[in-house]
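The values are calculated or read from the model by the stated rules, or taken from the named source; none is laboratory data. Note that this is a predicted model, so its numbers are computed, not measured. Heads up, the Cβs are rebuilt from the backbone with ideal geometry, glycines too, and the neighbour counts pull from every protein chain shown.
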Amino acid sequence: MEICRSWVGGQSLPSTGERFPVVNPATGEVLTHAESATEETVAAAVESARAGQKVWAAMTGAERGRILRRAADLLRENNSELARLETLDTGKPLAETEAVDILSGADAVEYFGAVAANLNGESVDLGPQAFGYTRREPLGLTAGIGAWNYPIQIACWKSAPALACGNAMLFKPSEMTPLTAVHLARIYKQAGVPDGVFNVLQGAGDVGRMLVSEPAIRKVSLTGEVGTGRRVMAGAAETLKYVTLELGGKSPLIIFEDADIDNAVSAAMLANFYSAGEICSNGTRVFVHVSIRDRFLAALKERVEKIRVGEPLDPNTQMGSLISQSHMEKVLAYIEIGKQEGARLLTGGYRVQDGALARGAFVAPTVFADCVDEMRIMQEEIFGPVMAVADFVEEDEVIVRANATVFGLAAGVFSADLTRAHRVIHQLEAGTCWINTYNITPIELPFGGYKQSGLGRENSRLAVEHYTQVKSVYVALGGVDAPY
Ligand code: NDP
């Protein structure tokens, strides 16, 4: 595989920056090296973005939209190749990356392609002598900084609305997963996006900091941990940038006694084991009504033990590797903490090391039962395949317990009584909620968190508000009435 470089001004740009290995976490194999951007790379990206953005913003929204829709088609056409790369880079099974990662990114690019042609201001009647109107204008240069769990999807979720609104974006993927963002850049170019409108800066947190402190950049959108969110927001304050923050979570999934148990088990598994649990919105605190607890746990254990953990490129694999050895150590440490805290280990709880899997970072899907709210495994984001199940008795009680966290990214409720489901959802402090399912994130619905899980929203028409600024224009139709 060729060296993975930054992409600036429509081409790969070599730099004198440090080279770091790109590792397949499922095998430990070094796939290639990536070359970190330097201050000079960022300066070149800013310059090309300035030039590209002028050309891009001068097009009509309909023209930009047509180009973005072409890019969405190209993403779909390249699904197999991109999914394979994403699997090599992240350790996620091909069964997932082929079905979700690239296609959900394409959905975003297509959706915002349609939005681009519909960016309207308002006309405001101000009486016979005047009227006003508003324009939604681009911010100019924007930055996107991604996490490693959904690399190309995050790059699409951030760049699609940014580009639709006529901005340029400088995107930094996580240093753990640098491969696919450059392919997205190539696809944008092939579709007709002018050079400089989408640049990729490779590197670690220091490159992210360069983007945050760059005065020419007007907005930064981060997906990452809460601590990184704080640092990015503090850094952005220096140059008064807009920020969108998509951060961590410890979301509740509440299962009432009248829930369909099979569906609730399916959702709890999706909420904890998809992408080996490396999903920000996961429902990692599963509250089950005490009257159905034993039936729920029995069905859950039976199905979790059938999950096929294996080689990510094997099409039959349902759960792959975690992102790295060090992340696996962190997840295994939390499993030990759960045991020491007295949670009952229902299943899993160990590293999977059968045959070739010993080279990777595989952890068995793990369920703890009899959890209590004070346990660290009920309070801290683990970001791995570890589900914590707790009992509850009363509706009011479970709402208070579900909300007793600094996070507020997502929440789910299972109940056959839809009146109750809505009543409970309306009281949960979370930005993204589900009734009788979990973790479905269609591009048409806003996505984002309450409390320390984030600021702003991605997806849906709401994203337009986060990538435009409003200009008010007052138009006088008569003379100027001056007192002097
Ligand atoms: P990190 O916060 O460690 O990193 C996120 C990105 O920020 C990376 O590209 C990182 O660079 C970069 N970065 C680190 N420090 C700085 C800084 N000071 N200034 C600018 N950029 C910086 O998160 P992870 O990559 O470990 O991702 C996991 C986290 O992301 C979890 O908490 C998860 O919940 C959250 N997440 C949230 C989602 C949401 O939509 N709400 C979705 C997915 C994940 P590098 O890593 O290359 O050093």
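Observations
- Every residue from the stretch 28-44 that is among the polar types (S, T, N, Q) and more than 16 Å from M1 (Cα to Cα): S36, T38, T41
- Complete set of residues in the stretch 84-110 that are surrounded by fewer than 24 Cβ atoms within 10 Å (Cβ to Cβ) and either within 17 Å of the chain's Cα centre (by Cα) or in a loop (DSSP other than H, G, I, E, B) (or both): E96, A99, V100, L103, S104, D107
- Any hit, the stretch 35-52, residues being among the hydroxyl-bearing types (S, T, Y), under 26 Å from E137 (Cα atoms) and surrounded by fewer than 21 Cβ atoms within 10 Å (Cβ to Cβ): no
- Those residues of the stretch 168-225 which are more than 17 Å from T41 (Cβ to Cβ) and among the aromatic types (F, W, Y), in sequence order: Y188
- Selection count, the stretch 45-73, where residues are polar (S, T, N, Q) and assigned to a helix (DSSP H, G or I): 2
- Of the residues making up the stretch 409-428, those that are buried (at least 23 other Cβ atoms within 10 Å of the Cβ) and not aliphatic (A, V, I, L, M) are G412, F414, S415.
- The residues in the stretch 289-330 that are within 16 Å of the ligand (Cβ to nearest atom) and either buried (at least 24 other Cβ atoms within 10 Å of the Cβ) or more than 25 Å from the chain's Cα centre (by Cα) (or both) can be counted, and the count is 3.
- Qualifying residue in the stretch 195-204 (condition: out of contact with any strand residue (DSSP E or B) (no Cβ under 8 Å at 6 or more places or on another chain) and in the same structural domain as T87 (by the TED database)): no
- Residues satisfying the stated conditions in the stretch 25-44, i.e. in contact with a helix residue (DSSP H, G or I) (Cβ under 6 Å, 6 or more places away or on another chain) and in a loop (DSSP other than H, G, I, E, B): T27, G28, A37
- The criterion of being in contact (Cβ under 8 Å) with a residue 40 or more places away in the chain, in contact with a helix residue (DSSP H, G or I) (Cβ under 8 Å, 6 or more places away or on another chain) and surrounded by fewer than 22 Cβ atoms within 10 Å (Cβ to Cβ) does not hold for D373.
- Sub-6 Å Cβ pairs linking a first residue in the stretch 158-178 that is under 14 Å from A71 (Cβ atoms) to a second residue that is in a strand (DSSP E or B) and away from the ligand (no atom under 16 Å from the Cβ), at least 6 apart or interchain, are S159/F198; M169/F198, ordered by first then second residue.
- Hits in the stretch 7-24 (condition: assigned to a strand (DSSP E or B) and either over 30 Å from W56 (Cα atoms) or of a type in the set (A, V, I, L, M) (or both)): V8, L13, R19, F20, P21, V22, V23
- In the condition set (1) touching a Leu at 6+ places or on another chain (Cβ under 8 Å); (2) surrounded by fewer than 24 Cβ atoms within 10 Å (Cβ to Cβ), A168 is compliant with all but (2).
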